[in-house]
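Heads up, the thing below is written out as structure tokens.
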Amino acid sequence: MPAENPSPIRVCFVCLGNICRSPTAEAVFTKLVTERGHAARFTIDSAGTGDWHVGELADPRSRAAALKRGVHITSRARQVHVRDFDAFDYLLAMDRSNEANLRRLAPHDPGRARVHLFRSFEAGAPDGAEVPDPYYGGDDGFEEVLDICQRAAEGFLDHVLRQRG
Ligand code: 4NP
């Protein structure tokens, strides 16, 4: 029989600035696990490898596009810290550059093994698929990020539930 309060599954989504992609992934995944009745099992956060936007709310374009889908992005940007490699079970990188930077920052091998490309969990996504950075593009890019995050979040939740029951 499973324990009453199994340890939480700790997930941190990571991009470059922590104002577009990873806050979107965080909010989409939070909504998904809430809708599926699994919210209490998860600790969910996001961070950026860069420090330019620390303390800021997410990009208004990300927040507006998400809100149209009922996704509330409320996080403030923070930079990845070495303690995150102990504080989280999964560090989910939005692109291969974020992934490489996380692997380089990891203070130990178990922490390095917690780094994955977010889209590696998306059903049917090709190897190495990335969440494209929408920051310098038009509104379409923010919609695409939401679509991708939804698919990858569903694949990731399926994966975790298969692993952890
Ligand atoms: P994000 O997008 O990594 O998805 O948050 C970016 C946000 C800001 C910058 C780059 C990417 N920037 O260079 O300031």
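Here the chain is assigned +1 on the Cβ of each Lys and Arg and -1 on the Cβ of each Asp and Glu. Its dipole about the Cα centre then comes out at about 400 debye. Each DSSP beta bridge with both residues in the chain is either parallel or antiparallel, and the antiparallel ones are about 5%. When the Cα gyration tensor is reduced to axis lengths a ≥ b ≥ c, the ratio a/c is 1.5 or higher for region 1-86, and with a/b not above b/c it is classed as oblate. With N the number of residues in region 50-165, Rg(Cα) / (2.2 N^0.38 Å) evaluates to 1.11. Charge tally for Glu99 (other residues, Cβ to Cβ under 15 Å; Lys, Arg +1; Asp, Glu -1): +1. Pull out a ≥ b ≥ c, the square roots of the eigenvalues of the alpha-carbon gyration tensor of region 112-155, then state rounded if a/c is under 1.5, prolate if not and a/b is larger than b/c, and oblate in the remaining case. Judged from the Cα gyration tensor, region 112-155 comes out prolate (a/c at least 1.5, a/b above b/c). For region 33-94, trypsin sites (Lys or Arg not before Pro) meeting the loop criterion (DSSP other than H, G, I, E, B) and having at most 14 other Cβ atoms within 10 Å: Arg36, Lys68, Arg69, Arg83.
A dipole drawn for region 107-165 from +1 and -1 charges on Cβ atoms has a positive end, and of Gly124, Gly138, Ala113 the residue lying farthest that way is Ala113. Of Asn98, His72, Gln163, which is farthest towards the positive pole of the chain's charge dipole, taken about the Cα centre with +1 and -1 on the beta-carbons of Lys, Arg and Asp, Glu respectively? Value computed over the given set: Gln163. Assuming a ≥ b ≥ c are the square roots of the Cα gyration tensor eigenvalues, decide whether region 47-91 counts as rounded (a/c under 1.5), prolate (otherwise, with a/b larger than b/c) or oblate. It is oblate, given that a/c is not under 1.5 and a/b is not larger than b/c.
Here the gap between Arg76 and Arg36, fully extended at 0.36 nm per residue and compared with their Cα-Cα distance, gives a gain of 11.9 nm. Longest segment of the chain with no chymotrypsin sites (Phe, Trp or Tyr not before Pro) in a DSSP loop having at most 13 other Cβ atoms within 10 Å? In the chain, the maximal stretch lacking such sites is 53-135.
Bear in mind these aren't lab numbers, they're just calculated from the coordinates by the rules spelled out. Worth saying up front: this structure is predicted, and the values here are computed from it rather than measured. Here Cβ is always computed from backbone atoms with ideal geometry, including for glycine, and neighbour counts include all displayed protein chains.
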